[in-house]
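S.K.: Submitted below is the structure of interest, expressed as structure tokens.
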Amino acid sequence: MKPVWVLMCAIAVVGSNSLVLSPIAADVALDFAGTSAPDVMLASAIYGGSTAVSALFLAPRADQIGLKRALVLALVILVAALLASALAPTLGVLKLAQGLAGVGAGLALPATYGLAADVSPKGQESATLGKVLTGWTLSLVAGVSFAAVLADVVHWRAVFGLMTALSAGLIVLIWTMRVPSRPAAQAVSPFKAFRVRGLLPILGAVVAFMSAFYGLYAFLGTHLTTVLGFSTGMAGLGALTYGVGFGVVAPLDRLIDRFGATRAAPVVFGALLIVYLLMAGLAGQGLAIFAVCLLWGAVNHLGLNILVGQLSALSPSQRGAILGLYSATTYVAMFVGTAAFRLVFEAQGFAMTALLSAVCVAPALVGAIWALRRAGRVAVPAAE
């Protein structure tokens with residue numbers, strides 16, 4: 001199997017675990033006396049916090065031991081965590097297991113993104129990364145959807161059992177995968193990595209991008225069911241259409257390679273701001289929201305590609321540390337953004353929440369325009 005497809009599958013497995021508890025939480029709660037679905041979802045929160053800490057402090061070690069070995073180690077940890085989740089006798093054990101899964105995910109995601117840059121042919125970095133990012137589509141469309149069916153037909157423990165087997169198979173594939181060698185680097189403190197030129201503006205854009213996404217996505221299903229009156233199954237189409245949009249736009253990633261991330265960023269972030277304004281304007285229009293979700297997934301794919309690609313290119317020798325900062329920033333933005341957006345959603349409704357997402361993206365758009373103008377000023381003397 002080609003390395004890019006192996007890495008895509010790695011993202012799919014990690015992504016599936018991060019998203020799978022939501023649809024099966026009620027089934028899990030039935031197995032543990034005195035617990036409810038919200039109690040089960042605390043395991044997901046623990047997973048997110050553990051992922052952020054792991055990405056911040058363990059990911060820099062990936063540069064020292066090599067990204068390939070780091071990914072294998074991460075999947076070994078994930079296999080142990082998923083097996084413990086499948087066999088968990090109590091909810092407390094499940095929470096601990098998901099905390100351990102976060103340790104593996106926090107190391108796996110930066111290592112996978114870094115390897116995508118290593119295995120990419122010269123000049124095709126964005127196209128290669130786009131294929132790897134499609135793993136998130138697999139996790140959302142195939143992984144989560146199939147997990148809900150499997151939990152219903154067999155048992156929720158079978159979901160974690162299947163992910164354990166898939167993760168174990170990936171360990172073998174990654175271990176035999178050929179990756180271009182590069183000199184081992186010293187482990188870099190995540191705080192020293194902040195000194196890399198150009199890092200902070202991109203991380204600022206990550207905060208804006210991820211807060212806008214997670215803050216709105218968290219309440220999309222609630223809006224569709226409680227306000228618009230859709231069934232739970234129909235509400236699931238929101239996530240499905242988002243995932244489809246995220247995946248089908250992948251062929252356009254080559255345009256980022258052709259025109260450059262600096263030139264593409266203002267267009268993509270501008271389009272994303274328009275999508276959030278559309279979401280606000282069509283909040284009460286029922287089926288129209290699903291069409292916007294398709295656009296949302298497509299534009300978010302391109303935006304994520306630009307951000308991860310820019311971070312990967314900053315310093316190849318510190319790629320693990322830098323992408324660890326990216327993952328940590330993502331999960332912190334997810335937590336803070338969701339908490340802040342909840343207040344707006346409960347007080348003002350979904351339309352105002354979508355407008356808040358547009359406000360969040362605005363600084364990223366302004367920063368992208370500024371970076372493009374600055375690049376133009378630098379390029380003119382060089383041409384002369």
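The values are calculated or read from the model by the stated rules, or taken from the named source; none is laboratory data. Keep in mind that what you see is a predicted model, and the values were worked out from it rather than measured. Neighbour counts are summed over all protein chains in view; Cβ atoms, including those assigned to glycine, are modelled from backbone coordinates with ideal geometry. Areas reflect the complete protein model, heavy atoms only, side chains present, ligands, DNA and RNA absent. Shrake-Rupley method; radii C 1.70, N 1.55, O 1.52, S 1.80 Å.
S.K.: Which of the following residues is within 21 Å of the chain's Cα centre (by Cα) and not polar (S, T, N, Q): VAL93, VAL76?
M.R.: Numbers: VAL93 fails: within 21 Å of the chain's Cα centre (by Cα).
Only one candidate qualifies: VAL76.
S.K.: If I filter segment 356-374 for residues that are within 20 Å of ALA208 (Cα to Cα), open to solvent by less than 30 Å² (accessible area, probe 1.4 Å), touching a residue at least 60 places away in the same chain (Cβ under 8 Å) and β-branched (Val, Ile, Thr), do I get at least one hit?
M.R.: Yes, some residue in segment 356-374 is within 20 Å of ALA208 (Cα to Cα), open to solvent by less than 30 Å² (accessible area, probe 1.4 Å), touching a residue at least 60 places away in the same chain (Cβ under 8 Å) and β-branched (Val, Ile, Thr).
S.K.: Oh, and also: Taking segment 137-186, which residues are open to solvent by 80 Å² or more (accessible area, probe 1.4 Å), at pLDDT 75 or above and either of a type in the set (Phe, Trp, Tyr) or not in a helix (DSSP H, G or I) (or both)?
M.R.: PHE146, VAL154, TRP175, THR176, ARG178
S.K.: Report yes if some residue within segment 79-91 is over 12 Å from ALA105 (Cβ atoms), modelled with pLDDT of 90 or more, open to solvent by 60 Å² or more (accessible area, probe 1.4 Å) and not in a helix (DSSP H, G or I); otherwise report no. Walk me through it before giving the result.
M.R.: First, pick out the residues of segment 79-91 that are over 12 Å from ALA105 (Cβ atoms): 79-80, 83-91.
Filter again for modelled with pLDDT of 90 or more, leaving 79-80, 83-91.
Filter once more, keeping what is open to solvent by 60 Å² or more (accessible area, probe 1.4 Å): 83, 87, 89-90.
Retained after the next criterion (residues that are not in a helix (DSSP H, G or I)): 89-90.
Yes, that holds for at least one residue.
S.K.: Which residue pairs have Cβ atoms closer than 6 Å, lie 6 or more positions apart in sequence or on different chains, and pair a first residue in segment 101-114 that is open to solvent by 10 Å² or more (accessible area, probe 1.4 Å) and modelled with pLDDT of 90 or more with a second residue that is assigned to a helix (DSSP H, G or I) and not small (Gly, Ala, Ser)?
M.R.: VAL103/ILE77
S.K.: Is one or more of the residues making up segment 229-252 buried (at least 24 other Cβ atoms within 10 Å of the Cβ), over 18 Å from the mean Cα position of the chain (by Cα) and at pLDDT below 95?
M.R.: no
S.K.: While we're on this one: Which one of these is surrounded by 15 or more Cβ atoms within 10 Å (Cβ to Cβ), more than 25 Å from ARG197 (Cα to Cα) and either among the hydrophobic types (A, V, I, L, M, F, W, C) or more than 19 Å from the chain's Cα centre (by Cα) (or both): LEU273, LEU314, LEU287? Steps first, please.
M.R.: Working: LEU314 fails: more than 25 Å from ARG197 (Cα to Cα); LEU287 fails: surrounded by 15 or more Cβ atoms within 10 Å (Cβ to Cβ).
Just a single option satisfies the conditions, and that option is LEU273.
S.K.: Based on this model, can you work out whether LEU273 counts as touching a Phe, Trp or Tyr at 6+ places or on another chain (Cβ under 8 Å) and in a helix (DSSP H, G or I)? Steps first, answer last, please.
M.R.: On the way: touching a Phe, Trp or Tyr at 6+ places or on another chain (Cβ under 8 Å): no; in a helix (DSSP H, G or I): yes.
So LEU273 fails the test.
S.K.: Return the pairs, sorted by first residue and then second, in which the second residue is open to solvent by 30 Å² or more (accessible area, probe 1.4 Å) and of a type in the set (Ser, Thr, Tyr), the first residue lies in segment 23-40 and is more than 20 Å from MET234 (Cα to Cα), the beta carbons are less than 6 Å apart, and the residues are 6+ apart or on different chains.
M.R.: If the second residue must be open to solvent by 30 Å² or more (accessible area, probe 1.4 Å) and of a type in the set (Ser, Thr, Tyr), the pairs left are ALA29/THR35; ALA29/SER36.
To keep it simple, each residue is scored yes or no on (1) in a helix (DSSP H, G or I); (2) of a type in the set (Lys, Arg); (3) open to solvent by less than 10 Å² (accessible area, probe 1.4 Å); (4) at pLDDT 90 or above.
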position	(1), (2), (3), (4)
TRP296	yes, no, yes, yes
HIS301	yes, no, yes, yes
GLY309	yes, no, no, no
ARG319	yes, yes, no, no
ILE322	yes, no, yes, no
SER327	yes, no, yes, no
ARG342	yes, yes, no, no
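S.K.: So the check is Cβ under 8 Å with 6+ separation or different chains; which pairs have a first residue in segment 256-283 that's over 11 Å from VAL361 (Cα atoms) and a second one that's open to solvent by 60 Å² or more (accessible area, probe 1.4 Å) and of a type in the set (S, T, N, Q)?
M.R.: ASP257/GLN124
S.K.: Considering only residues that are in contact (Cβ under 8 Å) with a residue 60 or more places away in the chain and surrounded by fewer than 24 Cβ atoms within 10 Å (Cβ to Cβ), look in segment 331-340 and name the one that is farthest from THR112 (Cα to Cα). Give the derivation first.
M.R.: Here is the first cut: in segment 331-340, the ones in contact (Cβ under 8 Å) with a residue 60 or more places away in the chain are 331-338, 340.
Add one more test, that the residue is surrounded by fewer than 24 Cβ atoms within 10 Å (Cβ to Cβ), and what stays is 332-336, 338, 340.
Numbers: VAL332: 20, ALA333: 21, MET334: 20, PHE335: 23, VAL336: 25, THR338: 26, ALA340: 30 Å.
Filtering segment 331-340 for residues that are in contact (Cβ under 8 Å) with a residue 60 or more places away in the chain and surrounded by fewer than 24 Cβ atoms within 10 Å (Cβ to Cβ), the one farthest from THR112 (Cα to Cα) comes out as ALA340.
Here is a yes/no grid of residues against (1) open to solvent by less than 10 Å² (accessible area, probe 1.4 Å); (2) outside any helix (DSSP H, G or I); (3) under 18 Å from LEU173 (Cβ atoms); (4) at pLDDT below 85:
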{"residue": "ALA52", "(1), (2), (3), (4)": "no, no, no, no"}
{"residue": "ARG61", "(1), (2), (3), (4)": "no, no, no, yes"}
{"residue": "LYS68", "(1), (2), (3), (4)": "no, no, yes, no"}
{"residue": "ILE77", "(1), (2), (3), (4)": "no, no, yes, no"}
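S.K.: I've got another one for you. Restricting attention to segment 21-34, does a residue exist that is under 19 Å from LEU138 (Cα atoms) and either in contact with a Phe, Trp or Tyr (Cβ under 9 Å, 6 or more places away or on another chain) or open to solvent by less than 40 Å² (accessible area, probe 1.4 Å) (or both)?
M.R.: Of the residues in segment 21-34, the ones under 19 Å from LEU138 (Cα atoms) are 21-24.
If we keep only those that are either in contact with a Phe, Trp or Tyr (Cβ under 9 Å, 6 or more places away or on another chain) or open to solvent by less than 40 Å² (accessible area, probe 1.4 Å) (or both) too, we end up with 21, 24.
So far as segment 21-34 goes, yes, one or more of its residues are under 19 Å from LEU138 (Cα atoms) and either in contact with a Phe, Trp or Tyr (Cβ under 9 Å, 6 or more places away or on another chain) or open to solvent by less than 40 Å² (accessible area, probe 1.4 Å) (or both).
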